[in-house]
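The values are calculated or read from the model by the stated rules, or taken from the named source; none is laboratory data. Just so it is clear, the model here is predicted, and its values are computed rather than measured. Every residue, glycine among them, receives a Cβ derived from its backbone with ideal geometry; neighbour counts consider all protein chains shown.
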Amino acid sequence: MNKNKAFLISLIATSGVAIGFSALSYKKHKEQKKIASYQKKKKKNKTIPLRRTKFIRDLATKRVNLVLSALQKRNPNEQEYLQYVSVVTRSLTPLLMKDLKYVEALERLIEPERVFTFRVAWADDNGIKHINRGYRVQFSSSIGPYKGGIRFDPKMNLSIMKSLAFEQTMKNSLTALPMGGAMGGADFDPKGKSDNEVKNFCHAFIAELYKIIGPNCDIPGPDINVGTREIGYMYGMYRKLTSQTNGTLTGKRYNWGGSRVRTEATGYGLVYFLEYMLHDNNIPLEGRRITISGSGPVAQFAVEKLIERGAIPLTMSDSDGFIYARNGITLEMLKKIMYLKNVERGRLEELSQIVEYHGDKQRPWVVPCEIALPCAYHNEIRRKDALNLIQNGCIAVAEGSNISSAPNALKLFKQHNLLYAPGKAANAGGVAISGLEMSQNSIKLKMDPQDIKMGLKGIIYNIFEACRTAAQQFGDNDFDYSSGANIAAFLKLANCLFDEGII
């Protein structure tokens, strides 16, 4: 037992990220001769003319454009995916200029290893049959078994699913835990459904999904509209279908295989990363007025940690509108929100008697703030929202949800020098603890909650350091944590491909 516990503690303490594409065949021979000449001169400490640097940049840009063009031809109708890949790829240009071999790895990493779609047939409380579409994108297993959430969303499509799976792959790489990347879900809307209807859907969904998952292959977990209730329904059916009790699903309740701190981990980790980023820029968190979107576990526990740190959380939201506590959300108010959302499964409008409420699907980004924490949905901060934040004095944005900010919003953040923490780094706390849940399930041992909390903070710190180090090494802005996160995550994935001889 002591050896097992020592193993787990060492696992959560070990979170360093390895730092360190191919090229299309397009004029490869001539290009490689020119590159070899460039690198030879560099080794001899000769001054490299500016035109030579421009040649390398132009060559890297040309090859990236060819890769993106080929991707667009294969996926002409997947705008969300193409948009996301383009943003990530452009941020890798400083790395590609230093070594063009990484273009080959890029070409392979942006294509998922496997994509599954399947029919989900279920019945509502009136016996009426419904059909939904289920998805599982197993994006990359170069670092470890596929790992990523399950999301229920009526707007879900394959393009969004692939974007989220790529993001998850990059995020898992940053944790330094042995996890590949995946994402799954369905175009199912749980809002307004009874517990029995949600259970029926979850049972039907896992009855198809169980065929392609397993503790050493693909380990799904919770995501938007999928919490411990839904994971419980799926795990129960999985057990019945397979006669196995193992770590195939994470996000379980503690008394049937879950891990302590899992529910809190994403929100806590978000605030930890925000603290490190602010401290790196000599900005205190205490007393800062902060807007938060969302009202699920990520937003709830981010608010809890912000209150603990002396910050002033002002807002929380759901799909109908947002609440605005002008003097800050208190712990007493947060408890009411948690009960409303987690037990009664109600809407924030029901709290309008005790706190200011703005309906009509308004977003909280119109509220003046110093820091914004989007914790609801992908692309929830658009150009108009970014302008509102900038005009109202916002100095930093840290993403609690995946791909929270649209590309046109990111451009404005950069133009106005806002500190920006991308979701793949800032909200990695949840999947990090899921990785520890997988380890606990494997060796049939529970960890002490304090050890897990310490491990979470250490993992987030090491992710921050990896982002900052990569930004300093490859970028022209030491505080470009977004590019740093992309480069650090990509380097580990790419080098794994090279080590395994996959190229």
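The table that follows gives values for the structure above.
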quantity: Pair list, Cβ < 7 Å and 6+ apart or interchain, from segment 294-308 residues that are over 24 Å from residue 379 (Cα atoms) to residues that are among the aromatic types (Phe, Trp, Tyr); calculated: 305/268
quantity: Number of the exception - residue 60 against (1) in a helix (DSSP H, G or I); (2) closer than 21 Å to residue 168 by Cβ; (3) among the hydrophobic types (A, V, I, L, M, F, W, C); calculated: (2)
quantity: Residue check for residue 208: farther than 16 Å from residue 249 by Cβ and charged (D, E, K, R); calculated: no
quantity: Enumerated helices (runs of 4 or more DSSP H) restricted to segment 423-503, each holding at least 1 residues that are of a type in the set (Gly, Ala, Ser), over 20 Å from residue 252 (Cβ atoms) and in contact with a helix residue (DSSP H, G or I) (Cβ under 7 Å, 6 or more places away or on another chain); calculated: 423-426, 449-474, 481-499
quantity: Candidates 221, 269, 294 - the one that is outside the structural domain of residue 435 (by TED's automatic domain parsing), at pLDDT 95 or above and surrounded by 24 or more Cβ atoms within 10 Å (Cβ to Cβ); calculated: 221
quantity: Candidate set: segment 351-368, residues that are of a type in the set (A, V, I, L, M) and more than 26 Å from the chain's Cα centre (by Cα); chosen: the one surrounded by the fewest Cβ atoms within 10 Å (Cβ to Cβ); calculated: 354
quantity: Lone qualifier among 399, 380 - being of a type in the set (D, E, K, R) and either surrounded by fewer than 20 Cβ atoms within 10 Å (Cβ to Cβ) or more than 30 Å from residue 254 (Cα to Cα) (or both); calculated: 380
quantity: Looking only at segment 311-349, and only at residues there that are over 25 Å from the mean Cα position of the chain (by Cα) and small (Gly, Ala, Ser), the one that is farthest from residue 374 (Cα to Cα); calculated: 346
quantity: Condition met for residue 165 (among the hydrophobic types (A, V, I, L, M, F, W, C), part of a helix (DSSP H, G or I) and farther than 28 Å from residue 488 by Cβ); calculated: no
quantity: Residue list for segment 342-384, restricted to those being under 27 Å from residue 406 (Cα atoms), touching a Lys or Arg at 6+ places or on another chain (Cβ under 9 Å) and assigned to a helix (DSSP H, G or I); calculated: 348, 365, 383
